[in-house]
Structures are given as C-alpha cells and as structure tokens.
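Here, each number is a calculation from the coordinates, and none is a lab measurement. The model shown is predicted, which means the values in this text are computed figures rather than measured ones. Cβ: placed from backbone, ideal geometry, glycine included. Neighbour counts: every protein chain shown.
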C-alpha cells in the first residue's frame, strides 16, 4: 500500500460503488467491497483488496467482516433507500469514523445527514452539472464541488489576463476567486502564486470560487 494509504469499505457494487472502489485501489488504498450479489462479487474480486458477498444491512455480518477497522465507509446503494439508510446507521454504530453515502433525492439526503452521514453525494447529478458547466464555459477545463458555497475549478487564462500580474488582476477581491495554484502546458506547478506572478497564455489556474460566480468571469 501507499505510504499515506487509508482503508475503505464500499457497500454496494453498482456503477458508482464499482467506480469508487476501483479508483481507490488504483490509488494504493486498501478496499473491502461488499455486495449481496455473488456474481457481482466474483466479477469484481480482482479489482478490490477484498470482495465479499454479504448483506450490508446485517449488523453481525458487517461486524464479522471488521468494518470498524476501516477509516472510511462508502454506502453506494442510493436507489434502495431503506438499505442505504440502514447501512449508514450500521457503519456509524460499528465505529466507522467517516461515512459517505449516495442519495437518491433531497429527502433521502436529509435523512442520511440526520442519521450521521458525514458526506452525502448525488453522483449522477454532480457529474451532469460538471459536464454541463464545462460545455457552457469554454475556458473551464474541470470543475468539482468543494462545499455548499464553493467549488474548485481548473480554468484557462483569459486573453485579457495575459501579461498582467496577480496584484493587478486582484481576482480575489474582484471575483471572489482564490487562486491556489497555477500550472503550465508542461505541467509545472506553482503553488500559492505570489502577487508578482505574471500570467502566461498557456497557464491554467486552479482556484476556489463562489458557486454563484458569474459565467462572464471565465
């Protein structure tokens, strides 16, 4: 495992759960993947550290699998709301410190938050927003949710910014845009660029911006 690796337990191996588990494994983390479908577990067994067939709503089964030893739990069964809620409760009861749960709708999200989920996600909705925003704003290369009020964007430098330094542009004050890093076409990264940093045509800004920031900024 990687030096700073964590242990994750993923409950449910649908599209979302499978994608999460594979990404975590490829990042060098230990993953226990659990699903009640034996065929799915057998198919996925080569993609996880451990893949086990079990009922994710059975407390004793989860306890026997030692889920309490894992740093993060991901409840990936959003469509079966009852199973999602019960699995989330069980992970918290068994001592999993941080639980991420997939929600089917806003009501489901509120319930998950009430019962202790540390983070609730809408994978399909969030991906849809991400893709649509990238299509609408041609300068935006990538975008991801950061909090309810802010998002992280990778955005190409606008023509009118080229040749000007950070102090003159004053993006934080003018646009509530906090530039945390700048990288160029050679992937050379400048972390926390100084006020004297001069924008180049091939620069890509990595910034935290307000979710309500106007499209004209990009």
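At-a-glance table
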| quantity | calculated |
| --- | --- |
| At R0 = 25 Å, FRET efficiency that the Cβ-Cβ distance of residue 189 and residue 49 yields, to 0.05 | 0.20 |
| Stretch gain in nm, segment residue 168-residue 64, where the contour uses 0.36 nm per residue and the Cα spacing is subtracted | 31.4 nm |
| Order of 197, 50 - criterion: other Cβ atoms within 10 Å of each residue's Cβ, fewest first | 50, 197 |
| Ranked packing of 166-173, 76-83, 97-104, most packed first, by mean Cβ within 10 Å | 97-104, 76-83, 166-173 |
